[in-house]
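The values are calculated or read from the model by the stated rules, or taken from the named source; none is laboratory data. Just so it is clear, the structure is predicted and the values come from calculations on it, not from any experiment. Heads up, the Cβs are rebuilt from the backbone with ideal geometry, glycines too, and the neighbour counts pull from every protein chain shown.
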Amino acid sequence: MQPHLIVFTDLDGTLLDHHSYSWRAASPAMAKLAANGIPLIFNSSKTAAEMRQLQSAMGIRAPFIVENGAAVVIPAGCLGRREEQVVNFGADHAQVWRALMVQRESGAPFRGFSDMSNAELAGHSGLGEAEASRARQRLGTEPLIWQGSSQELGQFRAALEHAGLRLLQGGRFWHAMGRFDKAEGARFLLQQYQEQHPGQPMVTIALGDSPNDQRMLEAADIPVVIRGLNSDQLHLPSQKHPMRSLKPGPEGWNECVLNLLFEYGY
(Lines give C-alpha, C1' and ligand atoms only; values in the text may rest on other atoms or scores of the structure.)
Protein backbone atom coordinates (compact mmCIF):
# COMPACT_ATOMS: atom_id res chain seq x y z
CA MET A 1 0.00 0.00 0.00
CA GLN A 2 1.34 3.41 -0.96
CA PRO A 3 1.90 5.44 2.23
CA HIS A 4 0.10 8.69 2.91
CA LEU A 5 2.76 11.43 2.98
CA ILE A 6 2.62 14.54 5.16
CA VAL A 7 5.17 17.31 4.64
CA PHE A 8 6.10 19.69 7.46
CA THR A 9 8.29 22.60 6.44
CA ASP A 10 10.10 25.53 7.96
CA LEU A 11 9.74 28.73 5.93
CA ASP A 12 12.54 31.34 6.17
CA GLY A 13 15.69 29.95 4.57
CA THR A 14 13.95 26.66 3.78
CA LEU A 15 10.87 27.00 1.56
CA LEU A 16 11.45 30.77 1.34
CA ASP A 17 14.70 32.29 0.07
CA HIS A 18 16.64 33.83 2.96
CA HIS A 19 17.06 37.17 1.20
CA SER A 20 14.11 37.61 -1.15
CA TYR A 21 11.50 35.48 0.70
CA SER A 22 10.56 33.98 -2.69
CA TRP A 23 9.30 30.39 -2.95
CA ARG A 24 9.18 30.31 -6.76
CA ALA A 25 12.12 27.91 -7.10
CA ALA A 26 10.09 25.34 -5.13
CA SER A 27 7.00 25.66 -7.34
CA PRO A 28 7.45 22.33 -9.24
CA ALA A 29 7.56 20.27 -6.05
CA MET A 30 4.74 22.25 -4.45
CA ALA A 31 2.56 21.65 -7.52
CA LYS A 32 3.27 17.92 -7.38
CA LEU A 33 2.34 17.78 -3.69
CA ALA A 34 -0.94 19.56 -4.43
CA ALA A 35 -1.71 17.31 -7.42
CA ASN A 36 -1.33 14.23 -5.20
CA GLY A 37 -3.32 15.63 -2.27
CA ILE A 38 -0.28 15.62 0.03
CA PRO A 39 -0.66 18.22 2.78
CA LEU A 40 2.05 20.89 2.96
CA ILE A 41 2.11 22.10 6.55
CA PHE A 42 4.00 25.26 7.45
CA ASN A 43 5.88 24.90 10.76
CA SER A 44 7.75 28.12 11.35
CA SER A 45 8.53 31.03 13.61
CA LYS A 46 6.08 33.09 11.53
CA THR A 47 2.76 34.28 12.94
CA ALA A 48 -0.73 33.13 12.02
CA ALA A 49 -1.31 36.42 10.15
CA GLU A 50 1.86 35.86 8.08
CA MET A 51 1.01 32.24 7.30
CA ARG A 52 -2.54 33.05 6.20
CA GLN A 53 -1.11 35.60 3.78
CA LEU A 54 1.45 33.09 2.44
CA GLN A 55 -1.13 30.33 2.05
CA SER A 56 -3.35 32.70 0.12
CA ALA A 57 -0.49 33.74 -2.19
CA MET A 58 0.52 30.11 -2.77
CA GLY A 59 -3.01 28.75 -3.18
CA ILE A 60 -2.58 26.39 -0.22
CA ARG A 61 -5.28 25.37 2.25
CA ALA A 62 -3.89 23.23 5.08
CA PRO A 63 -3.31 23.34 8.82
CA PHE A 64 -0.23 25.25 9.99
CA ILE A 65 1.95 25.54 13.09
CA VAL A 66 2.89 29.06 14.18
CA GLU A 67 5.70 30.67 16.15
CA ASN A 68 7.92 27.61 16.59
CA GLY A 69 5.06 25.51 17.96
CA ALA A 70 3.17 28.08 20.03
CA ALA A 71 -0.12 27.06 18.40
CA VAL A 72 -1.66 24.90 15.69
CA VAL A 73 -4.24 26.51 13.41
CA ILE A 74 -6.68 24.24 11.55
CA PRO A 75 -8.64 26.30 9.00
CA ALA A 76 -12.32 25.69 8.34
CA GLY A 77 -12.70 22.87 5.84
CA CYS A 78 -9.49 21.09 6.90
CA LEU A 79 -9.49 17.82 8.87
CA GLY A 80 -13.28 17.88 9.07
CA ARG A 81 -13.47 21.24 10.89
CA ARG A 82 -16.47 23.41 10.12
CA GLU A 83 -14.86 26.42 11.82
CA GLU A 84 -11.24 27.41 12.29
CA GLN A 85 -9.67 25.81 15.35
CA VAL A 86 -6.65 27.18 17.25
CA VAL A 87 -4.85 24.86 19.69
CA ASN A 88 -2.34 26.61 21.96
CA PHE A 89 0.77 25.08 23.54
CA GLY A 90 2.74 26.55 26.45
CA ALA A 91 3.11 30.17 27.59
CA ASP A 92 1.26 32.95 25.79
CA HIS A 93 2.88 36.15 24.53
CA ALA A 94 1.95 38.22 27.57
CA GLN A 95 3.76 35.80 29.89
CA VAL A 96 6.85 35.78 27.67
CA TRP A 97 6.97 39.58 27.48
CA ARG A 98 6.65 39.96 31.26
CA ALA A 99 9.63 37.64 31.75
CA LEU A 100 11.66 39.60 29.19
CA MET A 101 10.89 42.87 30.97
CA VAL A 102 12.24 41.41 34.21
CA GLN A 103 15.50 40.64 32.39
CA ARG A 104 15.62 44.09 30.81
CA GLU A 105 15.35 45.67 34.26
CA SER A 106 18.37 43.55 35.22
CA GLY A 107 20.32 45.02 32.31
CA ALA A 108 19.82 42.46 29.53
CA PRO A 109 20.55 44.28 26.22
CA PHE A 110 18.06 43.20 23.54
CA ARG A 111 15.46 44.68 21.23
CA GLY A 112 12.29 42.70 20.60
CA PHE A 113 9.63 42.94 17.92
CA SER A 114 7.33 44.54 20.50
CA ASP A 115 9.88 47.36 20.93
CA MET A 116 9.95 48.10 17.21
CA SER A 117 7.69 50.04 14.88
CA ASN A 118 6.64 48.37 11.65
CA ALA A 119 9.20 50.53 9.81
CA GLU A 120 12.07 49.55 12.14
CA LEU A 121 11.28 45.84 11.86
CA ALA A 122 11.08 46.21 8.09
CA GLY A 123 14.62 47.64 8.14
CA HIS A 124 15.97 44.72 10.18
CA SER A 125 14.18 41.96 8.30
CA GLY A 126 13.81 43.06 4.70
CA LEU A 127 10.01 42.77 5.03
CA GLY A 128 7.63 45.44 3.81
CA GLU A 129 5.82 47.44 6.49
CA ALA A 130 2.53 45.56 5.99
CA GLU A 131 4.44 42.26 6.32
CA ALA A 132 6.24 43.59 9.40
CA SER A 133 2.88 44.42 10.95
CA ARG A 134 1.77 40.80 10.49
CA ALA A 135 5.08 39.59 11.98
CA ARG A 136 4.45 41.61 15.15
CA GLN A 137 1.07 39.94 15.86
CA ARG A 138 2.36 37.34 18.30
CA LEU A 139 0.49 34.48 20.04
CA GLY A 140 3.24 32.96 22.16
CA THR A 141 6.80 34.03 21.29
CA GLU A 142 8.95 37.15 21.08
CA PRO A 143 11.68 37.36 18.42
CA LEU A 144 14.55 39.63 19.39
CA ILE A 145 17.92 41.00 18.39
CA TRP A 146 20.62 40.34 20.98
CA GLN A 147 22.82 43.40 21.55
CA GLY A 148 25.22 42.10 24.19
CA SER A 149 28.21 39.77 24.45
CA SER A 150 28.14 35.99 24.12
CA GLN A 151 28.80 35.71 27.86
CA GLU A 152 25.82 37.94 28.62
CA LEU A 153 23.76 35.87 26.19
CA GLY A 154 24.53 32.75 28.21
CA GLN A 155 23.40 34.49 31.39
CA PHE A 156 20.25 35.73 29.66
CA ARG A 157 19.44 32.24 28.39
CA ALA A 158 19.92 30.75 31.87
CA ALA A 159 17.69 33.41 33.45
CA LEU A 160 14.92 32.74 30.96
CA GLU A 161 15.19 28.99 31.56
CA HIS A 162 14.87 29.66 35.30
CA ALA A 163 11.65 31.54 34.48
CA GLY A 164 10.34 28.50 32.56
CA LEU A 165 11.13 29.82 29.08
CA ARG A 166 13.49 28.85 26.26
CA LEU A 167 15.71 30.86 23.93
CA LEU A 168 16.20 29.46 20.43
CA GLN A 169 18.23 30.73 17.49
CA GLY A 170 16.37 31.10 14.22
CA GLY A 171 17.67 32.01 10.81
CA ARG A 172 17.63 35.75 11.55
CA PHE A 173 16.48 36.38 15.14
CA TRP A 174 16.56 34.82 18.59
CA HIS A 175 13.17 33.60 19.86
CA ALA A 176 12.06 33.74 23.50
CA MET A 177 9.28 31.22 24.05
CA GLY A 178 7.62 28.78 26.44
CA ARG A 179 8.52 25.13 26.80
CA PHE A 180 7.10 23.88 23.54
CA ASP A 181 8.70 23.19 20.20
CA LYS A 182 7.88 22.55 16.56
CA ALA A 183 7.62 18.81 17.14
CA GLU A 184 4.58 19.07 19.44
CA GLY A 185 2.41 20.69 16.81
CA ALA A 186 3.61 18.20 14.20
CA ARG A 187 2.77 15.24 16.46
CA PHE A 188 -0.66 16.72 17.19
CA LEU A 189 -1.45 17.12 13.48
CA LEU A 190 -0.09 13.67 12.61
CA GLN A 191 -2.58 12.21 15.09
CA GLN A 192 -5.37 14.21 13.46
CA TYR A 193 -4.46 12.89 10.00
CA GLN A 194 -4.19 9.33 11.32
CA GLU A 195 -7.75 9.62 12.62
CA GLN A 196 -8.85 10.83 9.17
CA HIS A 197 -7.09 7.91 7.43
CA PRO A 198 -7.41 4.91 9.80
CA GLY A 199 -5.29 1.92 8.92
CA GLN A 200 -3.32 3.72 6.20
CA PRO A 201 0.48 3.87 6.66
CA MET A 202 1.79 7.41 7.06
CA VAL A 203 5.24 8.84 6.40
CA THR A 204 6.18 12.27 7.71
CA ILE A 205 8.76 14.41 5.93
CA ALA A 206 10.19 17.48 7.68
CA LEU A 207 12.41 20.16 6.13
CA GLY A 208 14.38 22.81 8.02
CA ASP A 209 17.61 24.78 8.04
CA SER A 210 18.43 25.97 11.57
CA PRO A 211 18.64 24.83 15.22
CA ASN A 212 15.02 25.71 15.97
CA ASP A 213 14.05 22.97 13.49
CA GLN A 214 16.00 20.29 15.39
CA ARG A 215 13.13 18.66 17.26
CA MET A 216 10.75 18.80 14.30
CA LEU A 217 13.37 17.04 12.19
CA GLU A 218 14.07 14.44 14.89
CA ALA A 219 10.35 13.63 15.16
CA ALA A 220 9.91 13.04 11.40
CA ASP A 221 10.30 9.76 9.57
CA ILE A 222 12.42 11.55 6.95
CA PRO A 223 14.35 14.63 8.14
CA VAL A 224 15.66 16.92 5.41
CA VAL A 225 18.28 19.57 6.27
CA ILE A 226 18.24 22.45 3.81
CA ARG A 227 21.60 24.12 3.31
CA GLY A 228 21.60 27.52 5.01
CA LEU A 229 23.37 29.98 7.29
CA ASN A 230 23.02 27.81 10.42
CA SER A 231 22.37 24.36 8.92
CA ASP A 232 25.80 23.10 9.98
CA GLN A 233 24.64 23.45 13.60
CA LEU A 234 21.96 20.80 13.06
CA HIS A 235 23.15 17.43 14.32
CA LEU A 236 20.63 14.62 13.91
CA PRO A 237 20.95 11.06 15.25
CA SER A 238 22.77 8.87 12.73
CA GLN A 239 19.96 6.31 12.69
CA LYS A 240 17.67 8.98 11.21
CA HIS A 241 19.77 9.07 8.01
CA PRO A 242 18.94 12.72 7.33
CA MET A 243 18.86 13.95 3.75
CA ARG A 244 20.87 17.15 3.17
CA SER A 245 20.28 19.46 0.23
CA LEU A 246 23.15 20.57 -1.98
CA LYS A 247 21.49 23.90 -2.79
CA PRO A 248 20.15 26.43 -0.28
CA GLY A 249 16.56 27.54 0.31
CA PRO A 250 13.73 26.77 -2.12
CA GLU A 251 16.06 25.34 -4.78
CA GLY A 252 17.31 22.70 -2.37
CA TRP A 253 13.78 22.19 -1.03
CA ASN A 254 12.46 21.57 -4.52
CA GLU A 255 15.11 18.99 -5.41
CA CYS A 256 14.75 17.06 -2.15
CA VAL A 257 10.94 16.94 -2.23
CA LEU A 258 10.85 15.87 -5.89
CA ASN A 259 13.37 13.09 -5.14
CA LEU A 260 11.30 11.85 -2.20
CA LEU A 261 8.06 11.92 -4.18
CA PHE A 262 9.72 9.86 -6.90
CA GLU A 263 11.05 7.43 -4.30
CA TYR A 264 7.55 6.88 -2.88
CA GLY A 265 5.94 6.42 -6.28
CA TYR A 266 4.29 9.79 -6.75
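Observations on the model:
- Scanning segment 187-204 for residues that are closer than 19 Å to Leu260 by Cα and buried (at least 22 other Cβ atoms within 10 Å of the Cβ) yields a single hit, Thr204.
- Taken residue by residue, segment 52-69 has at least one member that is in the same structural domain as Leu190 (by TED's automatic domain parsing), in contact with a strand residue (DSSP E or B) (Cβ under 9 Å, 6 or more places away or on another chain) and farther than 27 Å from Met177 by Cα.
- Strands (runs of 3 or more DSSP E) completely within segment 197-266 that count 2 or more residues being on the phi > 0 side of the Ramachandran plot: none
- Checklist (1) surrounded by 17 or more Cβ atoms within 10 Å (Cβ to Cβ); (2) at negative phi; (3) not small (Gly, Ala, Ser) applied to Glu67, failing item: (2)
- When restricted to residues that are at pLDDT 95 or above and either within 24 Å of Ala130 (Cα to Cα) or surrounded by 16 or more Cβ atoms within 10 Å (Cβ to Cβ) (or both), segment 26-46 contains 12.
- Residue in segment 93-102 that is within 20 Å of the chain's Cα centre (by Cα) and not basic (Lys, Arg) present: yes
- One residue stands out in segment 220-243 among those that are buried (at least 19 other Cβ atoms within 10 Å of the Cβ) and under 21 Å from Phe180 (Cβ atoms): the one that is modelled with the lowest pLDDT, namely Leu234.
- Leu127 vs. criteria under 26 Å from Ala62 (Cβ atoms), within 16 Å of the chain's Cα centre (by Cα), not assigned by TED's automatic domain parsing to the domain that holds Ser20 and not in a helix (DSSP H, G or I): no
- Remark: Gln200 matches the filter, which requires a residue to be farther than 30 Å from Ile145 by Cβ and either among the basic types (Lys, Arg) or touching a residue at least 12 places away in the same chain (Cβ under 8 Å) (or both).
- Residue within segment 225-243 that is β-branched (Val, Ile, Thr) and within 23 Å of Gln2 (Cα to Cα) present: no
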